[in-house]
Each structure stands twice: as C-alpha cells, then as structure tokens.
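Below is one structure, written out as structure tokens; comments come after it.
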Amino acid sequence: MTSIAIVGAGPRLGLAIARTFGSQGYDVALIARNRTKLDDLVSTLTAEGITAAAFPADVLDRDALTQALKDAAAEFGGIDVLEYSPSAGLGSIKATTPAETELTHVQHEIEFQLYGAIAATEAVLPAMCEAGTGTLLFTTRATSMNPQPSTAPSGTAMAALRNWAINLHKELAGTGIQAAHIGIDATIGTPTFYGQPRATADQLSLLYWDLHIAHRDQAERIFRG
C-alpha cells in the first residue's frame, strides 16, 4: 500500500497532485484548514476511483498538524510521500518592501512556510527512516528564488524553506529518502502583475510524480512555464 499526504490541499494544485498520484494507486490524505472544502475534494477524488480522506488541520497549529499526519498514517498504513504547499491566500500576505517590513510580518510567514514544513517533516520522517524509503516535497513560489521587493516577508520565508529543503536533501543522501524543493515561477491558470507565464495544475503535478519516481537524486526542480 502506498500513500501521499498533501498539506495545504486545495482545488487546483493540491487536487491535481492528488489525481496524479491517486491514478497510480496511491491513497491520498488531504490536509488543510477547511473541512467542508476538504470533503468536496474527497468526493471528487472518490468519484474518480481514488481512495482519499480528509484530515483538517491548520499548519500554524503544530499539534493539530502532527495529529492529522499521524491519523493519516494510521488510516493508510503509513505515509510514503509528503507534499507541503499551503497557501495563506493573497489577502493575508503582507506586501511590504524590505525597508517597510516589520518583525511580525516575517515571523508570521516563517511560522507558516518554514516551521510548518519542519513540523510536518518531524511527524513523518522517523517512520520513513525506519522503512528506509520515502519522499518529502516542498513547494514555493518564484520569490524564493527571485526576490521581489514588494513581497519581502513571504519571499524571505520561502527562501528559508527552499534552503532548508535542499539542505535536508543533502543530509538524507544514501538513506533511501528523498527531499526536494519545487519552485514554481508561474501562475496557475491566470496571469499576475509580475507577468509570470501561466501553467495548468495538471502540468505542474507531473513535476512531483517525476521527482518521486524518476529523479530521486535531484534536490530541486524549477518550473518557469
């Protein structure tokens, strides 16, 4: 039995990743804050013949996130793949320049991006180490690689997550466990004021499957449309 836990599951990229892995026989654990939206995703996947279950949790609530992943592991007999890509929504992102940034702005983003990823990893990595296999995939946007002054707090936090993920990959080399960063320099479906190219969620989801199956030695994959 194989399974994937998607932290930050939503109706675009999260659903596409669930479909990509689910179509290959993976059970899917969906983790996000909103139970109703998760149940809708589960219904969609179930109708397509994919085994999926909802485990509501906020990534800012470390205990709840850890428990959700433990519950998912119990439900599906373990977690083989962890994918971390929560989105706080554009309305909640502090769009400030470096000079305008306050400590609280960065603290919130670090809690959301980096600390949440570390907590999720702590919840699943010991079992992966015991099994000698597993995959950890962490997603960020373009500002983790190409800083934009207008989004300094979120870009700073995502750059920290990128650094941590690549460093984790180096540490886990030779253990059978892969850690990798996926950087998306494109918008999903609609353009933005940055002029980034558009991509479909289905197109992006193949990056995750390809890293997991074919390129386990890679620490990073960048999509630029």
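Within the stretch 99-143, restricting attention to residues that are open to solvent by 30 Å² or more (accessible area, probe 1.4 Å) and charged (D, E, K, R), the residue that is nearest to the chain's Cα centre (by Cα) is Arg141.
Return the total of residues in the stretch 21-40 being open to solvent by 20 Å² or more (accessible area, probe 1.4 Å), in a helix (DSSP H, G or I) and either under 17 Å from Ala68 (Cβ atoms) or hydroxyl-bearing (Ser, Thr, Tyr) (or both). The number of residues fulfilling the criteria is 4. Among the candidates Val59, Val28, Val7, the residue that is in contact (Cβ under 8 Å) with a residue 60 or more places away in the chain and in contact with a Ser or Thr (Cβ under 9 Å, 6 or more places away or on another chain) is uniquely Val7.
Here is a yes/no grid of residues against (1) within 18 Å of Gly10 (Cβ to Cβ); (2) in contact with an Asp or Glu (Cβ under 6 Å, 6 or more places away or on another chain); (3) of a type in the set (S, T, N, Q):
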site: Leu136; (1), (2), (3): no, no, no
site: Thr140; (1), (2), (3): yes, no, yes
site: Asn146; (1), (2), (3): no, no, yes
site: Thr151; (1), (2), (3): no, no, yes
site: Trp164; (1), (2), (3): no, no, no
site: Ala179; (1), (2), (3): no, no, no
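Pairing residues of the stretch 196-225 that are within 21 Å of Ala5 (Cα to Cα) and part of a helix (DSSP H, G or I) with residues that are charged (D, E, K, R) and open to solvent by 60 Å² or more (accessible area, probe 1.4 Å), at Cβ distances under 6 Å and at least 6 apart in sequence or on separate chains, gives Ala201/Arg12. The requirement of being farther than 19 Å from Ala201 by Cβ, assigned to a strand (DSSP E or B) and at pLDDT 95 or above is fulfilled nowhere in the stretch 97-118; no residue meets it. Across the stretch 41-85, the number of residues qualifying as part of a loop (DSSP other than H, G, I, E, B), under 14 Å from Ala127 (Cβ atoms) and open to solvent by less than 60 Å² (accessible area, probe 1.4 Å) comes to 3. Would you say Thr143 is hydroxyl-bearing (Ser, Thr, Tyr), modelled with pLDDT under 95 and either in contact with a Phe, Trp or Tyr (Cβ under 8 Å, 6 or more places away or on another chain) or assigned to a helix (DSSP H, G or I) (or both)? When the stated conditions are applied, Thr143 passes them.
The values are calculated or read from the model by the stated rules, or taken from the named source; none is laboratory data. Here the structure is a predicted model, which means the values were calculated and not measured. Glycine also receives a Cβ, built like all others from the backbone with ideal geometry; neighbour counts cover every protein chain displayed. To get the accessible areas, we keep the full protein, side chains included, count just its heavy atoms, and leave off ligands, DNA and RNA. Shrake-Rupley method; radii C 1.70, N 1.55, O 1.52, S 1.80 Å.
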